[in-house]
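Participant: Got a structure for you, written out below as structure tokens; questions coming shortly.
The values are calculated or read from the model by the stated rules, or taken from the named source; none is laboratory data. Keep in mind the model is a prediction, meaning the values are calculated, not measured. Cβ sites come from the backbone with ideal geometry, for glycine too, and all protein chains shown count toward neighbours.
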Amino acid sequence: MEIIKRETAYQGHYRLQVYTVQDKGNEFEREVFQTGQAAAALVYDTEKEKFIFAKQFRPAIEQDLVEAVAGMLDSEDEKPEEAITREIEEEIGYAVDKLQKIYDFYPSPGAFAEKIYLFYAEVSKKTSEGGGKGDENEDIKTLELSPSELAKYSFIDGKTLLAVEWAKANVLPDLQSKKKAK
């Protein structure tokens, strides 16, 4: 298969493109939603011993969504680590103490070109109120969950589910053993 033509059908906050694909002498079209690259993080406050999530209204699902802190990379030159550090400060108001890469993945490559860089972040110092950026129309609240609450909470966001399942295997056992040692 080969992409032989790309046309922009719509350019707004995101871009919708129509690709003409050639395969074995046949041509067909596919729509591709260009959202850019994003960074997300499961955030753990080591002082409060709680995980911190962003809660905000998402028009695509017409409801508030509890999710890992996340945001778009501002440019092709911005590193995912820089983007998620900025987003943690903007959305929940914390400085990052430790950042660990979990995965890079494409959440829905059948129609979306978005790539997400997923991290685990530890924080301990609140530096601002957070809440997002007004000029980006963000109104973000936070939800804090203890490790036991995290293990039981029902998330519906894909990147958050992936991060939480990773934490259940890689972080929660360590947190539980530290708690028993106290």
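Participant: Restricting to the range 24-35, name every residue that is among the basic types (Lys, Arg) and loosely packed, with under 10 Cβ neighbours inside 10 Å. Lay out the reasoning, then the answer.
Facilitator: Residues of the range 24-35 that are among the basic types (Lys, Arg), as a first pass: 24, 30.
Within the range 24-35, just Lys24 meets the criteria.
Participant: Of Glu149, Glu144, which residue is in a strand (DSSP E or B), over 15 Å from Glu89 (Cβ atoms) and modelled with pLDDT of 95 or more? Steps first, please.
Facilitator: On the way: Glu149 fails: in a strand (DSSP E or B).
After applying the criteria, what remains is Glu144.
Participant: Here is a follow-up. Which of the residues spanning the range 33-66 are among the hydrophobic types (A, V, I, L, M, F, W, C) and not in a strand (DSSP E or B)? It would help to see each step written out before you state the result.
Facilitator: Filtering the range 33-66 for residues among the hydrophobic types (A, V, I, L, M, F, W, C) gives 33, 38-43, 51-54, 57, 60-61, 65-66.
Residues satisfying the conditions are Ala60, Ile61.
Participant: Can you list residue pairs whose Cβ atoms sit under 8 Å apart, with the first residue in the range 27-44 being at positive phi and the second being not in a strand (DSSP E or B)? Count only pairs 6 or more apart in sequence or on different chains.
Facilitator: Listed pairs, sorted by first residue: Gly36/Tyr14; Gly36/Leu73; Gly36/Glu114.
Participant: Given the conditions (1) closer than 26 Å to Asn170 by Cα; (2) in contact (Cβ under 8 Å) with a residue 60 or more places away in the chain; (3) in contact with a strand residue (DSSP E or B) (Cβ under 8 Å, 6 or more places away or on another chain); (4) surrounded by fewer than 18 Cβ atoms within 10 Å (Cβ to Cβ), and given that Lys98 satisfies all but one, which numbered condition is not satisfied?
Facilitator: With (1) closer than 26 Å to Asn170 by Cα; (2) in contact (Cβ under 8 Å) with a residue 60 or more places away in the chain; (3) in contact with a strand residue (DSSP E or B) (Cβ under 8 Å, 6 or more places away or on another chain); (4) surrounded by fewer than 18 Cβ atoms within 10 Å (Cβ to Cβ) applied to Lys98, the lone miss is (2).
Participant: Which members of the range 7-32 meet the condition of being under 12 Å from Ala113 (Cα atoms) and not in a strand (DSSP E or B)?
Facilitator: Tyr14
Participant: Quick one: would you say Val21 is free of Cβ contacts under 8 Å to residues at least 40 places away in the same chain, over 22 Å from Arg86 (Cβ atoms) and surrounded by 11 or more Cβ atoms within 10 Å (Cβ to Cβ)? Steps first, answer last, please.
Facilitator: Details: free of Cβ contacts under 8 Å to residues at least 40 places away in the same chain: yes; over 22 Å from Arg86 (Cβ atoms): yes; surrounded by 11 or more Cβ atoms within 10 Å (Cβ to Cβ): yes.
Judged against the criteria, Val21 is a match.
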